[in-house]
Structures are given as structure tokens and as C-alpha cells.
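The next block holds one structure in the form of C-alpha cells; read it before the comments.
The values are calculated or read from the model by the stated rules, or taken from the named source; none is laboratory data. The shown structure was predicted, so the numbers you read here are calculated from the model rather than taken from an experiment. Neighbour counts are summed over all protein chains in view; Cβ atoms, including those assigned to glycine, are modelled from backbone coordinates with ideal geometry.
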Amino acid sequence: MRKSLAIIVAAMLLVISFSLTAITEKPNTAAATETGLSNSGNQIETSPEQAATNVVPEKSGVVLGDEMLMNKYHHLIVGKKVGLITNQTGVNSRGQSMIDVLAGDSSTRLAALFGPEHGIDGKAPAGSYVESYKHPTLGIPVYSLYGPTRMPTEAMLKDLDLLIFDIQDIGARSYTYISTLNYSMVAAQKYNKPIVVLDRPNPLGGRVVEGPVLEDRFKSFVGIDNLPMAHGMTVGELARFFNRSIKAFLTVVPMEGYTRDMVFQDTRLPWAQTSPNIPDLNSAFGYMATGLGEGTGIFQADKFKWIGGKGIDAQRFANLLNQEQFPGITFIPEIRGEAGGVRLQIVDPHLFNPAKAGIYALAYAHSLTNFKVPKSGQTIVMFDKIMGTDKIGQYLEQGLSPRQIEANYAPGLNQFKKDRQQYLIYGSEPYRDRISVFVDGVEVNFDTEPYIDSHNRLMVPLRAIAEALRAQVDWNPQTRVVTVTKPGKKVVFTINKTLAVVNGASKRMDTVPVIKNGRTLVPVRYIGEYLGATVNWNAASRTVTIN
């Protein structure tokens, strides 16, 4: 990237194999856009025993994706050889590294690690080449994705069953962790490997969407897709967005309790330094506000908390910015050596728009110094890569005001805001992994929640579904047999048995009926179709319709 957990998360959507599974997407499907919430998603749940461990810690109402993986979605990794794309930010709400969590899980095998820019420990300077090596205690390869290759190779993936991505992003298009996510999804699709993205908060929240949308010509590792500078999406939502064209077999494990209105401070989760120059949240919020002047002589300092340059009158610069009355931010004049500039004083992170402030700061700095604007020719200069376009440079040379520049990129930004809606997971209410079932258009109410078992089958309370289908249910506690009848249909289930009897014919199921909270639960697809109904699953809305 340029210089630049509690118990985790929430409900995820995964893969639904003909029955229902977590938020998952399969290539060339029409439903969601990723494994998780994506082009063809499925929902996943764990067994009742696993679900019982999904306890939200006292300090945070947000459950991270990595914690959700180890309880509600644990079946995704059971018996699998896993490759984990992570770094020092891949920790749960208690500060435990997912490397250690997976390495200590005897039901799965952590077979390889992959590190992004700055390495798996986050210590390498920005832009520095990172070597691959063997982990000193685990004895497994640690592959660098910021060395000879930035994309996992076939050789790296050949012995793996599954890729998992667990890295904290900071909400900026130019921060390269999301580029590593994109490249990893491309490799997963190319070499036919499922990829699971463990979701994490966008530190800036989900409402700040700002800046020019990247144009295709300016795609690079600091601008991997057609996003604005501030995209307002979590890594899980970004993965769904990326998958509109990649078509990987993607599963997003969502957070629980998270909303679009939350900034990181609202989650009450501990912050992990994301890279050498982003040690804290003030740096994360200041990244786009101070770091857009690549090659102009306008630079950031104090880890993205100050912006300025030679020839700038610090007081005048502060006055110009403060007269805009940006919500949530005050600019304090400060001279650093021969450079004049301003220090950011963030007073309300909910209101602060870093990308907008950065564009205004750059425009006002140009009005004060008339710095030379870097220009792209056959080679795209870094300034334009960061901007995602060469138009901002042109506007600066034309002497346009910040407001005029903002008005010029607004149409593309507004279109992006519309386009991104289908890839979003979270809204204004705390996200909950709740499955809804409708029979003939009427929602069925349950006193025991449906869940997805270890065989990726959606389990539902039998009596509620059968009665909604106008069938009669009889229970024999001695034989533990349930009989469901309606005109022309007789279906018999036995608790903990895979064999069902439909109109006298034996039918083998790939999972078993169980008793939970005093209710008999059976796979929804089997009970629906055995009674002559059609069962459909919508991964994006986590809804089952039975007609």
C-alpha cells in the first residue's frame, strides 16, 4: 500500500449446494456475487453445538468474520488443507492471530500462509520487496504476494483445498490489501480453488463514498478496480463487487452486529496497526486527506496527520480549508522545517470525509504554490494512478476551484453509488444471520431458528413447515419417528437416521433429522419436495421460498 476483533463476526453466507449454505457464490450463477453474498450464494450454519459457542463479548456487539468461521461456519474448513492470506491485522477480538487459531485446530490443516505488502508481520516499509520463507515454528511456506509475484501461483495453490482472506483494510482504493484480495480471487478462479473472505469493518464506515471513480486506463496495484477513492465498503462487500467480473467460487463470512453507520471506534474492537505508517485510527482517517500529492511536492507527514509543502503559507492554507467548514475536522496551521501546512484535528470521525478533504487540500495547495502537475504519457505516473484518472491533474492546471472539481467527478460517483448497492451486505440495523422461510408467500414463524448443518443442509422445524403446507404431523416418542401426511403423500422421518420413507419408497438423505430445543428439525428441501412443493433459495436475502 502506499505508506500506509469480542468474538467475531457475524453471520455469513456460504455455499449452498442444492440445499442451502452460507454466503457463497459459484461461477456463472445468477444470484449473488460471491461466496457469501454474491452471484450465487448460499448460507451456512454450524451444528447446534457449534452455534452455542457464538457468544458476543461484553465489550463489543460486533462479531468478526474470523470468529464466525470458528463457530457457525466451522464446517467450511473441516478436513480441508487451508491457505491463509493474512498479516498482523488478522486477529480476533481477543487479539488472537488467526494463524495460531487455525494452526491449533486439529479438524483442519493450515498448509500455507500468504502475506501482502509489508509482509505477514506488517513491518516492511511501503513498496519494499518481501521475500518468501518457511515459517520458523509451523514449518509451512510463507508466500510473499509482494515479491516476485503479487498473485498466488499454481504451484503455491496446487496442494490447497481452500483459500481464506483475513486482513484489515482502511477504506481507501489505493491501499493495496484490497488489490491482494482481488489478485487472490483471480488466482482462486483460475486454479479452481474456493476462496473465503472473513469480513471486517471499514474503519471509515459505510457512508463515506467519495472521489473520482477509477478509469480502466489507470488500473494498477494502487487502483485495482473501478472504485472511487473512498468506497465505503467492507472487504467482504468489495469481494462481492470484484466477483462481478472474476466469477470465483467465493464465500463471504459476514460480521454480526455491524452496521453501515459504524466507524471503527463504534465497534469497540481493538485496533491493530495495519502498516508501518498507519499505527492508529487517526492515521487511517488521515490517509486520503493528506496522501494524494504524489510527485507534486505536496506531502504528508507524521503518519498522515499533516499535509503541506514548501512555499505554502500555513495560516493562509488553514484559513482556506477551514472556510469550507468541513464537518468533523479542523485544520491547524503548522510549519515543519521549510514547509508550511496544516495538521488534521479530527473532532468527529462520523462526519469527516477524508477523500473530499484531500482533494480540496490539494487544490488549495496548487492555488498557493502553482506546483507542477505530474503528467502521464505512455507511462502512467503515480499521481494519476492514485487519482484513478488524469482529469484531476487537468482540472488543477485549469485553475478550477475545489467545488468545480468535485462537481465534475460527481456524476461518475453517483453512478457508482447506485451500482454498488447490489453488493452491499450491511444496512442501518445490526446485521444478523437470520434465515427467513416463506410458504406460498407467507412467512413462517419459528420458535427454534433454522440453521445450516455440517452437511450444508438447511434444517428447519418440521411441524411449522408441514402445517404451513397443510399437512398433519404425528410424533412417536418411543420409536422417535415423525409421520407427515396430506392427501396423496405420506412421509416418515426417523431421528438421527438418513433413511426417509416417501409413499412406501425408501429415500436416502445426506443428513439426518435432529431434535433441538424440543423441536424436530429436518432438511427443508427434503420435507418440501417430498410433499410435492418447489423449494428455492435466495442467498442475497437469505430467504427460502416454498410453493
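Structure data summary
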read-out: Unmet criterion (only one of (1) part of a loop (DSSP other than H, G, I, E, B); (2) more than 20 Å from S376 (Cα to Cα); (3) within 16 Å of the chain's Cα centre (by Cα)) for N192; value: (3)
read-out: Helices (runs of 4 or more DSSP H) wholly inside the stretch 248-330 that include at least 3 residues being under 16 Å from V208 (Cβ atoms); value: 264-267, 281-290
read-out: Answer from V501, V524, V491, V512 - the residue that is modelled with pLDDT of 95 or more, among the β-branched types (V, I, T) and crowded, with 19+ Cβ neighbours inside 10 Å; value: V491
read-out: Candidates A355, A365, filtered to the one that is more than 16 Å from G297 (Cα to Cα) and buried (at least 22 other Cβ atoms within 10 Å of the Cβ); value: A355
read-out: Residue within the stretch 227-241 that is of a type in the set (F, W, Y) and either crowded, with 21+ Cβ neighbours inside 10 Å or farther than 24 Å from M98 by Cα (or both) present; value: yes
read-out: Filter result for the condition that a residue is of a type outside the set (D, E, K, R), touching a Gly at 6+ places or on another chain (Cβ under 7 Å) and closer than 30 Å to V460 by Cβ, over Y423, Y431; value: Y431
read-out: Among the candidates V263, V253, V235, residue that is modelled with pLDDT of 95 or more, more than 27 Å from F371 (Cβ to Cβ) and touching a Phe, Trp or Tyr at 6+ places or on another chain (Cβ under 8 Å); value: V235
read-out: Residue tally, condition part of a loop (DSSP other than H, G, I, E, B), aliphatic (A, V, I, L, M) and within 16 Å of P523 (Cα to Cα), over the stretch 455-479; value: 1
read-out: Looking only at the stretch 88-107, and only at residues there that are in a loop (DSSP other than H, G, I, E, B) and touching a helix residue (DSSP H, G or I) at 6+ places or on another chain (Cβ under 8 Å), the one that is farthest from A239 (Cα to Cα); value: S107
read-out: Hits in the stretch 449-477 (condition: under 20 Å from V512 (Cβ atoms), modelled with pLDDT of 85 or more and surrounded by 13 or more Cβ atoms within 10 Å (Cβ to Cβ)); value: P450, L458, M459, V460, P461, L462, R463, A464, I465, A466, V473, W475
read-out: Check on R207, part of a loop (DSSP other than H, G, I, E, B), closer than 15 Å to P228 by Cα and among the charged types (D, E, K, R); value: yes
read-out: Test result for S107, among the hydroxyl-bearing types (S, T, Y) and either under 26 Å from Y258 (Cβ atoms) or out of contact with any strand residue (DSSP E or B) (no Cβ under 9 Å at 6 or more places or on another chain) (or both); value: yes
